[in-house]
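Take a look at the structure below.
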Amino acid sequence: MGNVPRIIVPKPLHLEVDVRPNEEDETFETNLCCALRQCGETVDIDSDGPGTVQTVSCPRHGFLTSFPHQAALGEFIRRLANKILGMKGHKLIDAGAAFVVGDEQPRSESLN
């Protein structure tokens with residue numbers, strides 16, 4: 001299954017993922033939200049690029065957590081989204097799937 005790095009995330013995390021599958025074009029929309037006190041606000045992700053620390057904060061509650069790089073953040077979101085999709089009987093997000101953070105566009109080499 002390739003060399004996928006293990007992601008160790010401290011608990012409690014105070015993050016939840018809202019995921020919506022689009023069956024027509026086989027894509028998924030995910031939103032990362034604050035779960036602290038059932039807040040539900042969409043979080044902000046700050047970084048200086050894909051290879052740098054990704055800081056996750058809530059507009060209402062401030063800093064929540066950080067990830068060592070964008071790939072770790074994407075893998076965390078994919079795994080959490082797949083738990084939700086699996087419980088609802090939907091197709092899961094592939095490990096190599098392209099993902100977009102914010103208004104970024106996916107790299108051309110990551111698209112099929």
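Please treat every number below as a calculation from the coordinates, not as lab data. Keep in mind that this is a model prediction, so the values were computed, not measured. So basically every Cβ, Gly included, is an ideal-geometry build from the backbone, and we count neighbours across all protein chains shown.
Sites listed here are trypsin sites (Lys or Arg not before Pro) in region 31-82 whose DSSP assignment is loop and whose Cβ has at most 12 other Cβ atoms within 10 Å: ARG60. Here region 59-74 is scanned for amide nitrogen atoms under 15 Å from the site 7 Å beyond the Cα of ASP46 along Cα-to-Cβ, giving 59-67.
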